[in-house]
Amino acid sequence: CFPDTVLIYTLSTARALTPQTAETDAIRFLVGTQSLKYDNQIHIIDFDDENNIINKNVLLHQAGEIWHISASPADRGVLATCYNRTSDSKVLTCAAVWRMPKELESGSHESPDDSSSTAQTLELLCHLDNTAHSNMACVVWEPMGDGKKIISLADNHILLWDLQESSSQAVLASSASLGGKGQLKFTSGRWSPHHNCTQVATANDTTLRGWDTRSMSQIYCIENAHGQLVRDLDFNPNKQYYLASCGDDCKVKFWDTRNVTEPVKTLEEHSHWVWNVRYNHSHDQLVLTGSSDSRVILSNMVSISSEPFGHLVDDDDISDQEDHRSEEKSKEPLQDNVIATYEEHEDSVYAVDWSSADPWLFASLSYDGRLVINRVPRALKYHILL
Amino acid sequence: MAPGSASSPSPSFPASRPWAAVGAMAAAAAAGPSPGSRPGDSPEGPEGEAPERRRKAHGMLKLYYGLSEGEAAGRPAGPDPLDPTDLNGAHFDPEVYLDKLRRECPLAQLMDSETDMVRQIRALDSDMQTLVYENYNKFISATDTIRKMKNDFRKMEDEMDRLATNMAVITDFSARISATLQDRHERITKLAGVHALLRKLQFLFELPSRLTKCVELGAYGQAVRYQGRAQAVLQQYQHLPSFRAIQDDCQVITARLAQQLRQRFREGGSGAPEQAECVELLLALGEPAEELCEEFLAHARGRLEEELRSLEAELGPSPPAPDVLEFTDHGGSGFVGGLCQVAAAYQELFAAQGPAGAERLAAFARELGSRYFALVERRLAQEQGGGDNSLLVRALDRFHRRLRAPGALLAAAGLAEAATEIVERVARERLGHHLQGLRAAFLGCLTDVRQALAAPRVAGKEGPGLAELLANVASSILSHIKASLAAVHLFTAKEVSFSNKPYFRGEFCSQGVREGLIVGFIRSMCQTAQSFCDSPGEKGGATPPALLLLLSRLCLDYETATISYILTLTDEQFLVQVGLLYEEGVRKAQSSDSSKRTFSVYSSSRQQGRYAPSYTPSAPMDTNLLSNIQKLFSERIDVFSPVEFNKVSVLTGIIKISLKTLLECVRLRTFGRFGLQQVQVDCHFLQLYLWRFVADEELVHLLLDEVVASAALRCPDPVPMEPSVVEVICERG
């Protein structure tokens, strides 16, 4: 058996990480570097689970340092980044959709070691450009669709784009903006996989808001969701009204959007800002959080998951014995707990995410460029599965 | 004998006795074992079980061979007790012995043994003779003694016989005397009876005149006694005319007597004891008890009501009310004393009335008692606001003590219980009063602190330090608590009559004082502190942070020491088991909201400017690599280590988290050249001033280093400022 943890260094500061969402067979992550001095890169990290081998391919991203990266759910070769562009001592954060070279889409395994010399370049598909809006905070793809809809958050605007002509053109379909006093700025957003993908949730300051993408109107608002800035949020993939949020108050909160006055549950395991929260795509009791206290915490939130009594066998094919057994199982009170705290990082962890191909595998990225791939502890995996 | 012992071979035999060695060898040869056989290997077989006895038996042999005791002990092989060749053994067989000697010993040894044996036989003979002579005399003297004793006992037996016959004669005489006197004795008895009867008759005949005389003299008691004595006899001999006349006379006189008594009773002025006497006499004269009972109680009621009225007058506003002790004294001696007398007299007089009479008395006492209690409570209520506990406790003690007597007399009236209840109620109210007082004192302290904090500082003159304020608050609260405890403690003093009541032993101490007063006060303290913390919320409020800090320190002190001290104090004073309720503590210690100016006391004895390392990375281009390598060698900073409750630790934690936040913010920005330089200056400035607040200044160094490195990393055009310039800028400020 292989160790549960694998380390990789990019040797450059980085904060952007995403799984290659459209890939469901191979474990592949994309990491965007953040450097003002060198050409920035996107590292395509392939993890061969069976042989415990890591393969790395590098793509040049010359437009600027990458602050956020997201992969198309429909096309393995397409991804979007938010990046900084410096011009005349002014910094602009822009967003663009890119296509990677065909041979890298499925990770060319005969990668030459001298990757720097032969580094290939991304092909620009289109800018999510609007001179009126700068400072793109993040870009999110419609999770279930054909990869034609994208939402970007810029300052206090939420913009819905239609990608046309094989993504070579982005048309602003609709937009909405936050009204109110002060400098309102979106920090993060997620697209709900439920309700036919018509809902998006965003975070600005201490508030969480839900939007209907059809009318671009607000559907719910959780004011003061956190004591301080909300850093990230994520939807429960199996329970349509549940979402998790995290922020600078070191807490992770779980919400039922039908009742916005009180969180369903609050976790206080981190000791500094929590930058990222991610539900496991299949087993929503597994929640991953990364924080600038350099720790990654995997929690087991059974009580508010879609399987609060463990994995139940379908009613159709249970014999009496099994019925008895499942009943017994359901009687066991399942406790929410922290499964593991991962301390492999030595700098702030700004991004964590689950693999899109293997539900038991996740990656975390710290500022010093260290990428750590971990597996869910085997005992827990079997406990959930069996 | 000696040659026999030679059958035990032993190489340790001294060589100076060659014949013994020879004998030993011969024996060894006879037994068969090789000459190399171990010492202690006995040819006779296994060793015997009783070496002790054997050693004694062979003492003489050992002596003969000149062996010391120790040497003999070291030679465990001894002759078998069953050995027929053992001269001293029980199973000695002369034939076998001789046979053995003859077979084993050379001629010389045989000769020796023969002479030896002859010598020994002679010695034994002479020994026996000496013993016989010595003991012969003793036998003779013993025989003489026994003979003498025999003679003496015979004499004694004769004496005893004589004694027995004399006793028989004496008994005989005594019997004869009593028989002779029997006759006269009976006659004397009869005469005495007649005499008594005659005296009685005389008494009867004289009775009317005596009674009249008694009534005239006012000796009613005597008269009633005479009447009582004669009554039965006169009743019995009613049919005899002479007696009849006497009886009639008596009845007339008695009627007059009764009338006079009644008169006296109704007048009533002469006080309870005399009234009681009248009633007693009337009862003895056969007056109807029911009626007397009613009348008696009515009189008593009149008197007691008067007492109550005077008490009420004392309560009233017009004359200056006496203090509570005096009041209860009056009540105790006047009303309670009167009630006691009435009850005692009643019970004595009307004991024959049975439960109905007792019930009547109880109802009477209940009614009057409740009126008395109402008065007392009114008086005590006036006392409630006042401060002096000792006076109150003494008054309560008097009150309670005085009611014990009627309480015992009239258990059914429940006076003692009611009194205890009143005392308990007062005690409870006192506790509440003290709790209020403590709360007020606490709030007063806080107000003082606020004023002290808010007072404008006169230039040059330092206001009272926070530490001083804290000490003031703590000591003032503690002294208040102690004063309250001492005041309340009076209730449980041993000499106070109600202190042994179950309420004061248990509930008052544990629930009242401990839970209600002390814990209640601590709780309310916590609540107050909590409300100070909560009220400002996120929007900022009126509570000055210094006050919060002070409260947090106060709460912390309470949590660590003071509460347990106070509770121990309470427990010691009030005899409650420690640990019964011990988990009680401060639930929330407010995190301190500190500001730097609070710690202006912290004098900087160390010279500033000692720390001026340059913040400028030598090779800005390699910062990333450099910092990574640096990290490999420097220890990982645990920014979020737990904080202890002391100033330095808390400040260190705050500074670490602040710097970490600064780092995160720097990483989110992009700096221009001057932005980087500004960060450089800022960090240097921070370094100049932060070190004095932290436990380990290395931490500040590392974190500030990281901030500057990150800023350099976030700067596309990193041209750092000269370190000397940075220093100059910082020192100018």
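The values are calculated or read from the model by the stated rules, or taken from the named source; none is laboratory data. Since the model is a prediction, treat every value here as computed from it, not as a measurement. In this analysis, Cβ positions are derived from the backbone assuming ideal geometry, glycine residues included, and neighbour counts consider all displayed protein chains.
Residues that are within 14 Å of chain B (Cβ to nearest Cβ) and either not in a strand (DSSP E or B) or not hydroxyl-bearing (Ser, Thr, Tyr) (or both): does segment A:51-64 have at least one? Write out each step before concluding.
Looking only at segment A:51-64, we keep the residues that are within 14 Å of chain B (Cβ to nearest Cβ), and these are A:64.
Right, trim to either not in a strand (DSSP E or B) or not hydroxyl-bearing (Ser, Thr, Tyr) (or both) and you get A:64.
Yes, segment A:51-64 has at least one match.
Report yes if A:ASP205 is under 19 Å from A:ASP155 (Cβ atoms) and acidic (Asp, Glu), otherwise no. Show your work before the answer.
Details: under 19 Å from A:ASP155 (Cβ atoms): yes; acidic (Asp, Glu): yes.
Against the criterion (under 19 Å from A:ASP155 (Cβ atoms) and acidic (Asp, Glu)), A:ASP205 qualifies.
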Top-ranked residue in segment A:249-283 [being within 14 Å of chain B (Cβ to nearest Cβ) and part of a loop (DSSP other than H, G, I, E, B); ranked as surrounded by the fewest Cβ atoms within 10 Å (Cβ to Cβ)]: A:GLU268
Unmet criterion (only one of (1) outside any loop (DSSP other than H, G, I, E, B); (2) at pLDDT below 90) for A:ASN130: (1)
In segment B:696-733, the residues that are more than 14 Å from chain A (Cβ to nearest Cβ), closer than 13 Å to B:THR652 by Cα and surrounded by 15 or more Cβ atoms within 10 Å (Cβ to Cβ): B:GLU697, B:LEU699, B:VAL700, B:HIS701
Tabulated pairs, segment B:244-267, first assigned by the TED database to the domain that holds B:GLY286, second modelled with pLDDT under 80 and exposed (fewer than 12 other Cβ atoms within 10 Å of the Cβ), C-beta under 7 angstrom, 6+ apart or interchain: B:ARG244/B:GLN238; B:GLN247/B:GLN238
Pair list, Cβ < 6 Å and 6+ apart or interchain, from segment A:207-231 residues that are within 14 Å of chain B (Cβ to nearest Cβ) and over 17 Å from A:THR261 (Cβ atoms) to residues that are β-branched (Val, Ile, Thr) and in a strand (DSSP E or B): none
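If the requirement is being in a loop (DSSP other than H, G, I, E, B) and not β-branched (Val, Ile, Thr), which of these qualifies: B:SER510, B:SER484, B:SER499, B:SER479? Walk me through how you get there before you give the answer.
On the way: B:SER510 fails: in a loop (DSSP other than H, G, I, E, B); B:SER484 fails: in a loop (DSSP other than H, G, I, E, B); B:SER479 fails: in a loop (DSSP other than H, G, I, E, B).
The unique qualifying residue is B:SER499.
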B:GLU424 being surrounded by 17 or more Cβ atoms within 10 Å (Cβ to Cβ), modelled with pLDDT under 80 and not hydroxyl-bearing (Ser, Thr, Tyr): no
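Across segment B:661-695, which residue is surrounded by the fewest Cβ atoms within 10 Å (Cβ to Cβ) among those that are without any contact (Cβ under 8 Å) to a residue 40 or more places away in the chain and aliphatic (A, V, I, L, M)?
Step one: of segment B:661-695, the residues without any contact (Cβ under 8 Å) to a residue 40 or more places away in the chain are B:661, B:664-665, B:668, B:674, B:678-679, B:682, B:686, B:689-690.
Restricting the remaining residues to those that are aliphatic (A, V, I, L, M) gives B:668, B:679, B:686, B:690.
On the way: B:LEU668: 11, B:VAL679: 25, B:LEU686: 19, B:LEU690: 22.
Filtering segment B:661-695 for residues that are without any contact (Cβ under 8 Å) to a residue 40 or more places away in the chain and aliphatic (A, V, I, L, M), the one surrounded by the fewest Cβ atoms within 10 Å (Cβ to Cβ) comes out as B:LEU668.
Among the residues of segment A:172-185, is there at least one that is under 20 Å from the mean Cα position of the chain (by Cα), closer than 15 Å to A:LYS149 by Cβ and of a type outside the set (S, T, N, Q)?
So the first thing to find is which residues in segment A:172-185 are under 20 Å from the mean Cα position of the chain (by Cα), and the list is A:185.
When the remaining residues are screened for being closer than 15 Å to A:LYS149 by Cβ, the result is none.
No, the conditions are met nowhere in segment A:172-185.
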Residue in segment B:639-656 that is on the phi < 0 side of the Ramachandran plot, within 14 Å of chain A (Cβ to nearest Cβ) and exposed (fewer than 15 other Cβ atoms within 10 Å of the Cβ) present: yes
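Residue under question is B:LEU311, and the condition is that it be in contact with a His (Cβ under 9 Å, 6 or more places away or on another chain) and in a helix (DSSP H, G or I); does it hold? First the steps, then the outcome.
On the way: in contact with a His (Cβ under 9 Å, 6 or more places away or on another chain): yes; in a helix (DSSP H, G or I): yes.
So B:LEU311 fits the description; yes.
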Scan of segment A:84-104 for residues that are more than 14 Å from A:HIS127 (Cβ to Cβ) and either more than 14 Å from every other protein chain (Cβ to nearest Cβ) or part of a loop (DSSP other than H, G, I, E, B) (or both), ordered by number: A:ASP88, A:SER89, A:MET100, A:PRO101, A:LYS102, A:GLU103, A:LEU104
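So which of A:VAL287, A:VAL230 ends up being closer than 22 Å to A:VAL372 by Cα and buried (at least 24 other Cβ atoms within 10 Å of the Cβ)? I'd like the intermediate steps shown before the answer.
Working: A:VAL230 fails: closer than 22 Å to A:VAL372 by Cα.
A:VAL287 is the lone residue from the list that is closer than 22 Å to A:VAL372 by Cα and buried (at least 24 other Cβ atoms within 10 Å of the Cβ).
Where in segment B:206-296 are there helices (runs of 4 or more DSSP H), lying fully within it, with 3 or more residues that are of a type in the set (S, T, N, Q) and farther than 23 Å from B:TYR346 by Cβ? If you could, list the steps in order and put the result at the bottom.
Details: elements: B:220-236, B:241-267, B:272-284.
By residue number, B:220-236, B:241-267.
May I ask you to say which residue of A:ALA357, A:ALA363 is assigned to a strand (DSSP E or B) and under 19 Å from the mean Cα position of the chain (by Cα)? If you could, list the steps in order and put the result at the bottom.
Values: A:ALA357 fails: assigned to a strand (DSSP E or B).
Criteria check complete, one pass: A:ALA363.
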Inter-residue pairs, beta-carbon under 7 Å, first under 17 Å from A:CYS246 (Cβ atoms) and in segment A:297-320, second at pLDDT below 85 and surrounded by fewer than 16 Cβ atoms within 10 Å (Cβ to Cβ), 6+ apart: none
Matching residues in segment A:366-382 - criterion: being over 17 Å from the mean Cα position of the chain (by Cα), away from every other protein chain (no Cβ under 14 Å) and buried (at least 21 other Cβ atoms within 10 Å of the Cβ): A:VAL376
Candidate set: segment A:290-302, residues that are surrounded by 23 or more Cβ atoms within 10 Å (Cβ to Cβ) and hydroxyl-bearing (Ser, Thr, Tyr); chosen: the one farthest from the other protein chains (Cβ to nearest Cβ): A:SER291
Criterion violated by A:ALA95 - all others in (1) in contact with a Gly (Cβ under 9 Å, 6 or more places away or on another chain); (2) closer than 20 Å to A:TRP161 by Cβ satisfied: (1)
